[in-house]
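Note sheet for the following structure.
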Amino acid sequence: MIVLKKKLYRLVFLHFVLLSSLIFSIKVSAAPVEFAYNQLSRVSSSTTASHSLYFVLPNGIPIGGNISITYPGSSFTFGSLYDYTDMVLEEGNSSNCSTASFIPKTLAASASGTTWGATYSSLVITFTSDTDTITANRCVRVVLNSNGTNHTLTNPTVTTNTVYNINLLTSENDSAEVAVIILGDASASNVDQINIKLNVAPSILLGVDVVTTDCNNTTQTTPINQAIEFGNLFPGIAKLSGSQYPFICIEAGTNSETGIKILIQSSRNNAVGGLVGSGGGLIASATNDLNSGLVDSGYGVRISSLGTTSLGTFVANSPYNSGVAGNVGILNGLLGSPTAIVTSTGVVRSNSNARIALEVGIKSSITTQQDTYTDTINITAFTNL
Amino acid sequence: MVGFVSIGIISAQEIEEPISEGNLITGNGISVTPVKIQRNYSLGESDTIDITLLNNEEFPLTIGVNIKSFKLINNNQNLFFEKYPEDSILSFINNFENRITLEPKQRYNYKLNLTIPNTTLPAGYSFALMFESIGSNTVEEGSNALIKQSVAVPILINIAGVKGITFGELTIDSIETSYNLLSNSVYYQVVLKNNSNQYLTPIGIASLLKNSSASFGPDKVDSNFNRKGLVVSPFSSRVFSSEIYLNQLTFGEYQFSLNILYGLENNVVTNNQSVFIIPIYLIIIIGVIVIIIFKKVRKGNNEK
């Protein structure tokens, strides 16, 4: 009899254990959401803010399922016409909310086919599926925008920092509670923002280099090497910047809306500049076509290329804007005015690898006295006054 | 090698924008801020002008600092550098550092100390600080051209006297307005004449005001006048031109109103004139209506 009772007790105990394990296995499908947070665009008291909620649903959402997001009472204020047009529901391609790519679901006032129903009522946002699903363990992003009149989402009015819990619950009983802090300070508004104010001062940049072939490169030269050696001249033969004699490459810019001009001037102590020999001979500067047989001698510069700019534009000024090599413009001397070879009327910036290229041309005649001829070309960046 | 020229005192009204470290545009060569300085001083006043330099290069740069007097000529269209700085300008300068060596990427706060001597004649003075790269002066055999680069910071100083030519007087020499059909804007061109020996920077507002109840469009459209702060040099004229853009629904009679401020006392120059706005779409609509009426009339005549 005692043996029978013991067996009966064992049987009852085994049934109890079996039943308990069955109940447990049924409940295992409902789970706390493992990862959930809410990003607010503003966290200051009484300000409108958009909410971006991220969460990973262990069980996903099946056909006909739903997600509800409940805001606490006496907290956030939704506009009277807040609806699906203010909401976004997106499914990520992984459980990592930081790296997932999100694909939006189509939303409407009610669910139909793959379109989800999205509604707002009494602090509860509900997304309802008809035939669409969300795969388990995918990051889901819900964005609740604060849009125009009656479509706003406004933070609670608080005078001290206050925590609010927003509850998430799905049809699969996946749940989460997300806390957000609203900053309140009775003595100030917009306490979540720092106003930044600064002045950007106008500045000018000028870099000059002496480079053979062209200026569509980043080749730099030090000032000590910034000379163009033309070597020996032969009467009637023009020497021009090119593969043998370098160009003057000008990188210039300004962030001032007054713009900039690049001035050029010979250092010779006369009105009309030129190359002067130690014995007093002169190869005068003039606006001329040095390749013309009618021009005995001369010296000048030409804009071979304006290069390219990342901001604004430079304009090549006459007489330096000829498209023909050797057709150079005059360099005035120190008793004349410096001339603006290029001008910009506003903000402008040369590209470092495609600078303004200035061709220098020189030609002697049969009457030019044998000597060493030199000049110093002054290139000056000057704001427009 | 630092040179100092003596004299001494300080400043007055500051017009240029404040220097802000970190805002220099960068690239190659040297960067300089600000791009110009314009100040009004009283006799005996002292000032320090701060200029920030930056060596953008990957190598050290030795920069020579020179002072050049300049004038704006041809009604402010061209520059002319004097061969030597004017004595009166040199007399302003207390402290003049004429040579700086900057390491690669080094910034440098250059200071120019000024004092306006009590004997200075009231007038506008202009000079430029020229920051020049110092290169080789070696002359090789044969013909050659050395290249010298410099960034100029023009400094305009007014020392005002009493009312009259030494105080600042600006007048409108001429003004023209016209409606541009294609750009739907009002173009204006103003010639301002500086009758004084001061450098004047006129600024202000050009407005279009609805002038008639039969007009349509906004009551007022404002546009900045001389936003760039261009100067009118002593005893010269300068042409200012700009456009005020309108929205498409504007038409009818408007009043062009120009209000210009200048000088120490914010003197005002004003001008008003009427301008008629007839946008191109209105002309097209009227044209279409005329054609329709014309066709209907012709059709009626044919039927008779």
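Only the coordinates and a few stated rules stand behind these numbers; no lab work does. This one's a predicted model, so the numbers in the text were calculated from it and none came from an experiment. Please note: Cβ atoms are built from the backbone with ideal geometry, for glycine as well, and neighbour counts cover all protein chains shown.
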### Task
Calculate the dipole size of chain B relative to its Cα centre from +1 charges on Lys and Arg beta carbons and -1 charges on Asp and Glu beta carbons; express the result in debye to the nearest 20.
1540
### Query
What relative contact order, as a whole-number percentage, does segment B:77-225 give when Cα pairs under 8 Å and 6 or more residues apart are counted?
16
### Task
Give the order of B:LYS220, B:LYS228 when sorted by the count of other beta carbons within 10 angstrom, beginning with the fewest.
B:LYS220, B:LYS228
### Query
With θ set to phi - 60° and the Karplus curve 6.51 cos²θ - 1.76 cosθ + 1.60, what are the ³J(HN,Hα) couplings of segment A:243-256 in order, to the nearest whole Hz, using x for Gly and Pro?
6, 9, 10, x, 8, 8, 9, 10, 10, 9, x, 8, 9, 8
## Note on the structure
Here segment A:56-73 yields Karplus 3J(HN,Hα) values (6.51, -1.76, 1.60; θ = phi - 60°; whole Hz; Gly and Pro given as x) of 10, 9, x, 10, x, 10, x, 3, x, x, 7, 10, 10, 10, 10, 8, x, x
### Message
Quick check on the exposure proxy: order B:VAL35, B:VAL190, B:VAL268 from fewest to most C-beta atoms within 10 angstrom.
### Response
B:VAL268, B:VAL190, B:VAL35
### Query
What pairs in A:LYS261/B:LYS228; B:LYS193/B:LYS228; B:LYS71/B:LYS148; B:LYS83/B:LYS105; A:LYS363/B:LYS148 have C-alpha atoms more than 24 Å from each other?
B:LYS83/B:LYS105
### Message
Using Cβ counts within 10 Å as a stand-in for footprinting exposure, how do A:ILE61, B:ILE172, B:ILE285 rank, fewest first?
### Response
B:ILE285, B:ILE172, A:ILE61
## Note on the structure
Rounded to the nearest 10, the angle in degrees between the Cα long axis of helix B:280-303 and the longest principal axis of the Cα atoms of chain B comes to 20
### Task
Set Lys and Arg Cβ to +1 and Asp and Glu Cβ to -1, take the dipole of segment A:273-385 about its Cα centre, and tell me which of A:LEU282, A:VAL342, A:LEU331 lies farthest positive.
A:VAL342
### Query
With the Cα gyration tensor of segment A:99-250 giving a ≥ b ≥ c as the square roots of its eigenvalues, does the rule (a/c under 1.5 for rounded; else a/b larger than b/c for prolate; else oblate) give rounded, prolate or oblate?
prolate
### Query
What average count of beta carbons from other chains do you get within 10 Å of the Cβ of residues in A:244-251?
2
### Local net charge near B:VAL232, Cβ-Cβ under 10 Å (Lys/Arg +1, Asp/Glu -1)
+2
#### Entry: Percentage, to the nearest whole number, of Cα pairs in chain A over 39 Å apart
55
#### Entry: Prolate/oblate/rounded call for segment A:291-354, Cα gyration tensor, a/c under 1.5 rounded
oblate
### Summary
Under the 7 Å Cα-to-Cβ spin-label approximation, A:LEU81 and B:ASN180 lie apart by a distance in nanometres of 4.0
### Query
Want the number for B:ALA214 to B:GLN106: 0.36 nm per residue separation, take away the alpha-carbon distance, what's left?
32.5 nm
## Note on the structure
Connecting every pair of Cα atoms under 10 Å apart in chain B and solving the GNM, the largest mean-square fluctuation among B:GLY29, B:GLY204, B:GLY287 falls on B:GLY287
### Message
Under a crude label model (7 Å from the Cα following the beta-carbon direction), how far is A:GLU177 from B:LYS71 in nanometres?
### Response
8.5
### Query
What dipole magnitude, in Debye to the nearest 20, does the protein assembly as shown give about its Cα centre under +1 on Lys/Arg Cβ and -1 on Asp/Glu Cβ?
1740
### Query
Under the rule of -39500 (n - 2.57) per DSSP H run of 4 or more residues, summed and divided by the residues of chain A, what mean residue ellipticity at 222 nm is obtained, to the nearest 500 deg cm²/dmol?
-2500 deg cm²/dmol
### Query
Once fully extended, how much extra length lies between A:ASN225 and A:THR106, figured as 0.36 nm per residue of separation less the alpha-carbon to alpha-carbon distance?
36.1 nm
### Task
Using only atoms on other chains, find how many Cβ atoms lie within 10 Å of each Cβ of peptide B:95-101 and report the average.
0
### Task
Could you tally the net charge around B:ILE100, taking each other residue with its Cβ under 13 Å from the Cβ of B:ILE100, Lys/Arg +1 and Asp/Glu -1?
0
#### Entry: For chain B, built as a Gaussian network whose Cα springs stay under 10 Å, the top-fluctuating residue of B:LEU264, B:LEU192, B:LEU114
B:LEU264
## Note on the structure
Sorted by chain and number, the residues with a modelled amide H under 5 Å from that of B:THR101, at a separation of 5 or more or across chains, are B:ILE63
### Query
Is the shape of the protein assembly as shown rounded, prolate or oblate, going by the alpha carbon gyration tensor and its root eigenvalues a ≥ b ≥ c, with a/c under 1.5 for rounded and a/b larger than b/c for prolate?
prolate
### Task
Take the Cβ-Cβ distance between A:THR135 and A:TYR37 as r, set R0 to 22 Å, and report the resulting FRET efficiency rounded to the nearest 0.05.
0.60
### Task
Relative to the longest principal axis of the C-alpha atoms of chain A, give the angle of the C-alpha long axis of helix A:2-27, reported between 0 and 90° and rounded to the nearest 10°.
30
